[in-house]
Amino acid sequence: MKKAAAVIIAGIVICAAIAAPLMAETPKAEHLPNFVVIFIDDMGYGDIAPFGSTVNKTPELDRMAKEGMKLTDFYVSSTACTPSRAALMTGCYADRVGMDGKVVFPVDKRGLNPKEITIAELLRTKGYATGCFGKWHLGDQPEFMPLAQGFDEFLGIPYSNDMGPGTWRKTWNPLGYPPLPLMKGNKAVAHIPDGPSQSLLCRVVTDGAVDFIKKHREAPFFLYVPHVFIHGPRYAEKKLVDKAEGDVLRAQVEELDRSVGQILKTLKQEGLAEKTLVIFTSDNGGDPSSSNAPFRGLKGGPKYEGHMRMPTIAWWPKTIAAGSQTAEIATSTDILPTLAKLAGAKMPADRVIDGKDISGLLLDPGAKSPHEVLYYEYEGIRRGPWKLVRIGKKAELYNLDEDIGEKNNIADKHADMVGELVNLLDAHKESVQSDLRPAAFVENPKPLLESTYRIPALTDYLGIRRLDAETDFGKKPPKRPDKR
Ligand SMILES: [Ca+2]
């Protein structure tokens with residue numbers, strides 16, 4: 001069949017599947033769309049140009065937004081790496097699947113319960129090839145790692161880049177951390193002992209993702225790219241930092257931008273662009289050196305917008321309208337049901353899935369959100385423009401249409417609205433807590449890498465003899481005119 005004809009037929013099959021969910025025939029595997037989810041670590045809303053950065057230059061993301069759709073009101077479900085990833089992977093609130101609260105640490109007993117159904121497992125039922133390139137952070141024991149959670153391939157680090165035995169933050173774990181490994185599948189192939197190896201983590205993830213696309217060009221595939229950047233401590237190659245005028249964060253953002261460009265370019269070169277939905281977003285708000293403008297709040301802290309609202313772009317040439325935008329509420333838990341719908345995969349019927357299918361929003365910028373209200377864990381709620389933030393026993397009320405920066409608490413003027421939203425939030429908490437599913441635990445967790453004997457540093461693994469890297473760790477962040 002000629003390529004153009006195949007694409008047209010794929011389009012018809014997808015549209016028909018959306019219009020008639022109960023159609024008898026499911027789309028054939030070769031006609032199913034590919035999915036790429038790029039999940040940046042700790043990127044703030046104002047860190048990239050399509051969402052307002054005037055400092056970080058991100059031409060590839062600018063182009064992606066021009067060719068695709070900006071989702072201005074897209075939220076993650078939690079504000080730390082582990083719960084946010086658990087919610088993305090399962091389509092459920094992190095609390096519901098026992099992965100709320102604190103992140104998992106190296107040699108932790110806790111991990112994402114293998115009984116949960118991840119996006120990768122769901123898409124596998126439709127014959128998808130699945131790959132994860134980047135940072136996992138849902139438990140570092142083999143039973144919790146990507147290969148046990150639906151992924152055919154994994155290349156990356158098992159948890160955050162600051163959870164190594166380096167010189168930073170060593171007081172976090174008085175027992176000390178094991179070496180930070182680069183995993184290929186379930187095997188540690190290298191370790192990350194220093195700044196130069198850290199600075200290569202964007203490159204190694206990008207190269208893995210690009211190779212995966214080329215290898216699986218005979219679709220369908222699900223490629224999950226949870227980048228290690230821009231989580232601290234940040235390191236970048238000196239030549240890139242110099243280009244970014246000494247600003248390490250900017251150098252990292254700009255390297256990520258080129259990474260996205262490489263992924264989209266590969267899809268185009270392989271003739272897969274029109275068959276692939278790419279979603280770009282972040283796992284939680286930026287830390288104090290990032291920009292969360294125009295919002296109040298950041299990673300951690302009260303549930304202001306900067307905490308959970310993410311710079312999000314969806315791209316699927318000829319299917320998603322170029323240069324479109326939606327301000328409808330969407331969340332990271334929606335990705336599982338949405339991809340399931342687009343792939344014709346059957347949603348689990350034996351458990352609650354919190355996310356909703358937002359394929360309608362992606363395919364029609366004029367469509368309405370399936371969410372009437374949005375919950376910020378148990379401490380915040382949004383209905384239309386009304387936003388309530390609960391801090392202890394106190395409740396603050398904002399009107400986001402008039403006050404996007406959440407500066408003027410108007411709770412005193414709208415006692416009825418506060419009462420209504422508090423009741424909804426309490427009912428939500430009760431509802432989730434009445435149907436919890438536990439995380440999984442192992443008895444005797446072991447380090448993935450006990451010793452670095454005969455395990456090369458990442459620089460050596462990649463055959464790089466000399467590389468100068470710079471860090472912003474422990475340094476005062478440079479002034480950024482657009483930082484708020
Ligand atoms: Ca994070």
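The values are calculated or read from the model by the stated rules, or taken from the named source; none is laboratory data. What you are looking at is a predicted structure, and each value in this text was computed from that prediction instead of being measured. Neighbour counts are summed over all protein chains in view; Cβ atoms, including those assigned to glycine, are modelled from backbone coordinates with ideal geometry.
Scanning the range 301-336 for residues that are within 16 Å of the ligand (Cβ to nearest atom), of a type in the set (A, V, I, L, M) and assigned to a strand (DSSP E or B) returns a single hit, Met310. Every residue in the range 366-392 that is part of a loop (DSSP other than H, G, I, E, B) and either more than 22 Å from the chain's Cα centre (by Cα) or surrounded by fewer than 16 Cβ atoms within 10 Å (Cβ to Cβ) (or both), please. Selection gives Gly366, Ala367, Lys368, Glu372, Gly384, Pro385, Gly392. Which residue is farthest from Phe39 (Cα to Cα), if the candidates are limited to the range 179-211 and must be among the charged types (D, E, K, R) and in a helix (DSSP H, G or I)? Taking the candidates together, the pick is Asp211.
A count restricted to the range 227-240 and to residues that are under 25 Å from the mean Cα position of the chain (by Cα) and away from the ligand (no atom under 16 Å from the Cβ) stands at 4.
Applying a threshold of 6 Å to beta carbon distances and a minimum spacing of six or more residues, or different chains, the list of pairs starting in the range 61-85 at a residue that is more than 21 Å from Asp287 (Cα to Cα) and ending at one that is within 16 Å of the ligand (Cβ to nearest atom) and not aliphatic (A, V, I, L, M) reads Leu71/Thr312.
Considering Asp357, Asp364, Asp334, the condition of being in contact (Cβ under 8 Å) with a residue 60 or more places away in the chain and acidic (Asp, Glu) is satisfied by Asp334 alone. If I ask for residues that are of a type outside the set (Gly, Ala, Ser), in a loop (DSSP other than H, G, I, E, B) and away from the ligand (no atom under 16 Å from the Cβ), which ones from the range 269-300 would you list? Residues satisfying the conditions are Glu270, Leu272, Pro294, Phe295, Arg296. Exactly one residue out of Val103, Val76 is touching a Cys at 6+ places or on another chain (Cβ under 7 Å) and within 16 Å of the ligand (Cβ to nearest atom), and it is Val103. Of the residues making up the range 117-169, those that are within 17 Å of Phe441 (Cα to Cα), touching a residue at least 40 places away in the same chain (Cβ under 8 Å) and not hydrophobic (A, V, I, L, M, F, W, C) are His137, Gly139, Asp140, Gln141, Pro142, Glu143, Gln149, Pro158, Tyr159. Checking each residue in the range 218-246 for being surrounded by 24 or more Cβ atoms within 10 Å (Cβ to Cβ) and among the charged types (D, E, K, R) picks out only Arg234. Among the residues of the range 5-57, those that are in a loop (DSSP other than H, G, I, E, B), over 22 Å from Ala129 (Cβ atoms) and modelled with pLDDT under 50 comprise Ala20, Pro21, Leu22, Met23, Ala24, Glu25. One residue stands out among those in the range 35-50 that are away from the ligand (no atom under 16 Å from the Cβ) and surrounded by fewer than 24 Cβ atoms within 10 Å (Cβ to Cβ): the one that is farthest from Ser332 (Cα to Cα), which is Ala49. On the basis of being buried (at least 24 other Cβ atoms within 10 Å of the Cβ) and either under 30 Å from Ala330 (Cβ atoms) or touching a residue at least 24 places away in the same chain (Cβ under 8 Å) (or both), does Gln262 make the cut? No; evaluated as a whole, the condition is false for this residue. Tyr93 passes every criterion in (1) within 15 Å of the chain's Cα centre (by Cα); (2) away from the ligand (no atom under 16 Å from the Cβ); (3) part of a strand (DSSP E or B) apart from (3). Please tell me if Ala395 is exposed (fewer than 15 other Cβ atoms within 10 Å of the Cβ), more than 20 Å from Tyr75 (Cα to Cα) and of a type in the set (A, V, I, L, M). For Ala395, the condition - exposed (fewer than 15 other Cβ atoms within 10 Å of the Cβ), more than 20 Å from Tyr75 (Cα to Cα) and of a type in the set (A, V, I, L, M) - is not met.
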